[in-house]
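Structure first, commentary second.
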Amino acid sequence: MTNDFENPQIVGQNRLAPRAWFASGTTKSLNGAWRFHYSPTVAEAPQGFHQQGFDSRQWDTLEVPSCWQMHGYGRPHYTNILYPFPVDPPRVPTENPTGSYLREFTLPEGWQDGRVRLRFDGVDSFFRVWLNGQEVGLSKGSRIPAEFDVSDIVRQGQNTLAVQVHQWSDGTYLEDQDMWWLSGIFRDVSLIATPKVHIEDVFVDTSLDSKYQDAYLTIDARIHGVQTEGEYEVRAELLDPTGNAVHGGAAVVLGESVNFGGSVERPRKWSAEDPALYTLRLRLAKGDSVVDQVEFKVGFRVVEIRNGVFRINGQAVKLKGVNRHEHHPDLGRTIPYKTMVEDVLLMKRHNVNAVRTSHYPPHPRFLDMCDQYGLYVIDECDLETHGFGYGPDNITNIPEWEVACLDRMQRMVERDKNHPCVVMWSLGNEAGCGQNHKTMADWTRQRDPSRPIHYEGDSETRNTDVLSQMYTSIPDLIKHGARENWLEGEEEMVQARLRKPFVLCEYAHAMGNGPGSLKEYWEAIYGSDRLMGAFVWEWIDHGIRQRTASGEEFFAYGGDFGEHPHDSNFVIDGLIFPNRVPSPGLVEYKKVIEPVVVERTEDGLRVTNRYDFIDLGHLSATWSLRRDGELVQSGVLAIPHVAPHETADLPLPCSLPKGEGEWVLDVDFVLATETLWAKSGHGIAWAQFVLRESQLAASMAAGPAVQVEDSATALRLSGPTFDLEFDRVRGRIRSWRANGIDLLKDGPQFHFWRAPIDNDGGARAGIQTSWRQEGLDHLQERVGSVEVQSLDSGAVQITVTSRIAPPATRKGLDCVLVYTVDGSGGLTLDATVASPAEWETTLPRVGLRMTLPAAFEKVSWYGRGPGESYIDSKEAGRIGRWQATVDELHTPYVFPQENGNRTDVRWVAVTGKSGFGLRAEGDPTLNFSAHHYTTEDLDRAAHTYDLPHREEVTLILDHRHHGLGSNSCGPAPLPQHQLKVEPFRWTWRLVPTV
Ligand code: IPT
């Protein structure tokens, strides 16, 4: 038995031809409270509920649009590649949750005289619709609109609309994106009234002359309902961004469509940097009377590939991108308008200029915003069949599925074709590379020759205009940039591919802590014109907001709803947290892709304008000079005129400092005036230069001789202000009091473990597996010797040698820690680590850990801040004096892991309210992190609620640590960021602060 929802040949019934999404006619929203019935199967769903007089009083009420799993019906289910049910296309499980929806509406006065259409912007995954008891039609394709002509069914006064939605359908096989499975009418529903004869669709093209100066605007309009040739005329009026009419034209309607146009002299061109939008007003007139009018935005811009380089308006641009899924922590894939704005604002404020709408067309209003605010878009077809793998048996290579694949592409292209923001069409994601892709590409090229075609799955670029890859390593990226080839294929194909631009449609897997090496990626990208940009995977963590029984909020991920199979926290891999708070990864990205770069030259500064179209006139700049973090001098920096992609040299704004201490010059570029997306003063770019390094080496303070009391198991050292007890057996400090207050609860002790980050391989293979196999998470210590020596200076030196090693193996690390206690009460720590054995693995970290008393909540430091930083992700950290509480130093990754490190720290003080506490000084620097959690707490926790908030403070000082990388999906840290086992040696000082 076949039915409509298990038949890929049927993509819809009675659906109107797809068309551009623009304001036409009058719209009545049908969003709001609908009556709703949820059934576990299709067969058990209410029969005949669409008929007049059906009694739905027992039904629930559900908000439309919404994803029903987010409102207690069924449950969210997360899988990445796997289909959540047996792969048996086109059939789906008997347990096929079905939602029946009902609502009444009143037809506005006068609407029955014209044409009335019913539009669904998104229904997941199959629906059938009835109006006033009569079947209207059906549709599939969850993230593309469906419109129906209901003019003959709709009636004056009250109308009853009924919709039935099935969670699973053959369409589901084409929608295997890495995200939650969510269902229902999840985007807007509306009723649109137009006159009987009206402008149904418009396709505008803006081509520019060879100098990118003058434009030719072509208007191709489809007119519905014309009976007599020559009776109607379409009149166009073009208004410039300030609202002045600049162009007019008209064409007589002969058939179903009109095609006309005209030149526009020197239009202001559209780009992400200067998103100048014109308004095109089209009027359909019969004699003197205007019967219909539509209006939409037009941006003058051309996208082309010339000499193997991707260009916009002639300029080789760089797409500084992110992959954006539609996600809201409480609403799933139903995104409120203000949330879309929030995403756009966050992107613009973080120097992002491009979005790949992974992996389906977004809500249409999102593209309006990208036009308006200025973001380049790769618009991606709602097509992913990942669960079939990459081979020829993928359904994208099977003729029965061709109609469905093509339908999805056509509906996206038709809907979004007028958006200047859309600079490439994407055939979808991870759907193998089949014959049906060729059909899609061929149709698209013919329908819209103005945009290149993208598809990562087409590794040979048979159907695509750019070579696209994901998670390519930096060395390989550099080779692509140099147009080197090492990929297989026929010579001709290879050559054709080499001539195409290269885009990283996904890179920098932002799962948990990370990604690392954004800097090196962008050095590579700026190193070659072939490399047109890169899109971070991904924009947002898809965590779902939940509460524990005790009321603690947390974000759920795969498996938290009892689903099987699931892919755990692989869905938590964004640059912003589920609540849209930027993660350190986004802050780092902003810095790395900043549009103004300042470098130090021999006698001054060099400013590079990395904008593609605008100069720096919209920015203002300041400089400031600090000694050891304290402001000494500051001023305004006059920005010279720097054309796009050009540089200018400036003298240093201050004279070279001579005094003691470390002298650092900061240069800041901010918005000079308010823009649509940020206030004046918003930071765009900055740079920092150490003009003079500190000449002072950490030295021991003089003081009276230290008193020593020695016994077999303990050592007591004391001076006028302090008292230090040393455990001779365990070779470490037992207690340390200064001015009568305890400074330490435990430690310092060597520390080599970190709570693995997702990019250490997470639950999958990766460096974490090898660390655990080597036993680095269970190191034990054997103290070899504890030697005590009084020095001439009056200080006392304790030398502890120990062997720190994992159980069950002969490997180990030979460690020596020399404590020098001076009469002033300060402590110098001299550490060495050596390994007699060869290790195949790296180390997570090399440092010292200690536990500080409960009240030590205030942290201040001089080093990179204010946010966390790591060896391969520290560009956004500015050297300065920073303060935070211990709680504030914790980054609440949805899946707890190592976090909160600060790099290049000259000193850090952890104190109580009074300012009394412990200060650590680097020689010259150290890393630190301070938490109310131990490494083991973080390692054990799977959710934020698993973390016990301890009163005491774990302070970890790191000499070195392993980089972050991207290895939860992408490459491991670069060799220079991996912590290889080698001899280590460092010296720090610990002193009581008052
Ligand atoms: C790649 C997918 O395109 C993306 O949707 C997401 O799943 C990402 O991986 C990982 O988070 S595909 C992968 C097999 C490289």
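The values are calculated or read from the model by the stated rules, or taken from the named source; none is laboratory data. Predicted model, so just to flag it, every value in this text is computed and none were measured. Cβ sites come from the backbone with ideal geometry, for glycine too, and all protein chains shown count toward neighbours. Side chains are part of the model used for accessible areas, which takes the heavy atoms of the whole protein and leaves out ligands, DNA and RNA. Shrake-Rupley method; radii C 1.70, N 1.55, O 1.52, S 1.80 Å.
If you take the beta carbon distance between Val994 and Asp727 as r and set R0 to 35 Å, what does 1/(1 + (r/R0)^6) give as a FRET efficiency, to the nearest 0.05? Between Val994 and Asp727 the formula returns 0.85.
In percent, what relative contact order does the range 1-93 have, based on Cα pairs under 8 Å that are 6 or more apart in sequence? It would help to have the intermediate numbers written out before the result.
On the way: 50 pairs, mean separation 27.1, N = 93.
Taking the mean separation of contacting Cα pairs over the length of the range 1-93, I get 29 percent.
Could you state how much accessible area Val246 has, in square angstrom rounded to the nearest 10, with a 1.4 Å probe and all protein chains kept in place? Result for Val246: roughly 70 Å² accessible.
Kindly give the semi-axes, whole Å and largest first, of the ellipsoid equivalent to the range 474-568, taking each as the square root of 5 times a Cα gyration tensor eigenvalue.
Numbers: eigenvalues 325, 56, 17 Å².
The equivalent ellipsoid of the range 474-568 has semi-axes of 40, 17, 9 Å.
With q set to 0.05, 0.09, 0.11 Å⁻¹, the log10 of I(q)/I(0) for the chain, from the Debye formula over equal scatterers at the Cα positions, is -0.37, -1.04, -1.39. Note on Ser207/Ala638: beta-carbon distance plugged into 1/(1 + (r/R0)^6) with R0 of 45 Å gives a FRET efficiency of 0.70.
Please report, as a whole percent, how much of the solvent-accessible surface of the chain comes from carbon and sulfur atoms (probe radius 1.4 Å). Percent of accessible area from carbon and sulfur atoms in the chain: 47. Restricting the GluC sites (Glu not before Pro) of the range 652-696 to loop positions (DSSP other than H, G, I, E, B) with no more than 11 neighbouring Cβ atoms within 10 Å leaves Glu674, Glu693.
Taking all protein chains as they are arranged and a probe of 1.4 Å, the heavy atoms of Lys745 leave approximately 120 Å² accessible to solvent. Binning the alpha carbon pair distances of the range 516-580 at 10 angstrom intervals from zero yields the distribution 19, 32, 25, 16, 8, 1, expressed in whole percent.
Of the GluC sites (Glu not before Pro) in the range 398-500, the ones in a loop by DSSP (not H, G, I, E or B) with at most 14 other beta carbons within 10 Å are Glu484, Glu488, Glu490. Calculated from the alpha-carbon coordinates, the range 724-837 shows an Rg and a Dmax of 17.2, 55 Å respectively.
Scattering from the C-alpha atoms of the range 669-737 alone, worked out with Debye: what is log10 I(q)/I(0) at q = 0.13, 0.15, 0.22 1/Å? Summing over Cα pairs of the range 669-737 leads to -0.61, -0.68, -0.97.
For the chain, the Cys residues with no second cysteine's beta carbon closer than 4.7 Å are Cys67, Cys381, Cys405, Cys433, Cys505, Cys654, Cys815, Cys969.
What the Cα convex hull of the range 1-104 gives, in volume per residue, is 187 Å³.
Each residue was assigned an accessible area with a 1.4 Å probe, and for Glu553 the value is about 70 Å². Under 16 Å of direct C-alpha separation, and excluding same-chain neighbours fewer than eight residues apart, Lys479 reaches these aspartates and glutamates: Glu488, Glu520, Glu523, Asp529. The residues Glu840, Glu295, sorted by heavy-atom accessible surface at 1.4 Å with ligands and nucleic acids left out, run Glu840, Glu295 from largest to smallest. Shape summary: the range 101-157 maps onto an equivalent ellipsoid whose semi-axes, from the alpha-carbon gyration tensor, are 22, 12, 10 Å in decreasing order. The 1.4 Å probe gives accessible areas that order Thr106, Thr279, largest first, as Thr106, Thr279.
For the range 369-459, state the average projected area of the convex hull of the C-alpha atoms over all orientations, rounded to one decimal in nm². Don't skip to the answer; put the middle values down first.
Working: hull surface 22.8 nm².
Averaging across all directions leaves 5.7 nm² for the Cα convex hull.
Write out the chymotrypsin sites (Phe, Trp or Tyr not before Pro) in the range 370-474 meeting two conditions: DSSP loop, and at most 15 other Cβ atoms within 10 Å of their Cβ. Here the sparse-neighbourhood loop sites are Tyr390. Note: relative contact order over the range 572-688, using C-alpha pairs below 8 Å and six or more positions apart, is 26 percent. Cross-link pairs exceeding 23 Å in C-alpha to C-alpha distance, out of Lys338/Lys679; Lys745/Lys811; Lys28/Lys338, comprise Lys745/Lys811. List the relative contact order of the chain as a percent without decimals, with contacts defined as Cα pairs under 8 Å and 6+ residues apart. That works out to 8 percent. Sorting Phe570, Phe300 on solvent-accessible area from highest to lowest, probe radius 1.4 Å, gives Phe570, Phe300.
Straight-distance candidates among the lysines for linking to Lys438, with alpha-carbon spacing under 25 Å and chain neighbours fewer than 8 residues away dropped: Lys140, Lys417, Lys500. By the rule of a C-alpha distance below 12 Å, with chain neighbours fewer than 8 residues away ignored, the aspartates and glutamates paired with Lys658 are Glu693.
A 1.4 Å probe run over the protein chains yields, for the chain, 38 Å² of accessible area per residue, whole-number rounding.
Rounded, prolate or oblate for the range 206-355? Axes are the square roots of the Cα gyration tensor eigenvalues, ordered a ≥ b ≥ c, and the cut-off for rounded is a/c under 1.5. Judged from the Cα gyration tensor, the range 206-355 comes out oblate (a/c at least 1.5, b/c at or above a/b).
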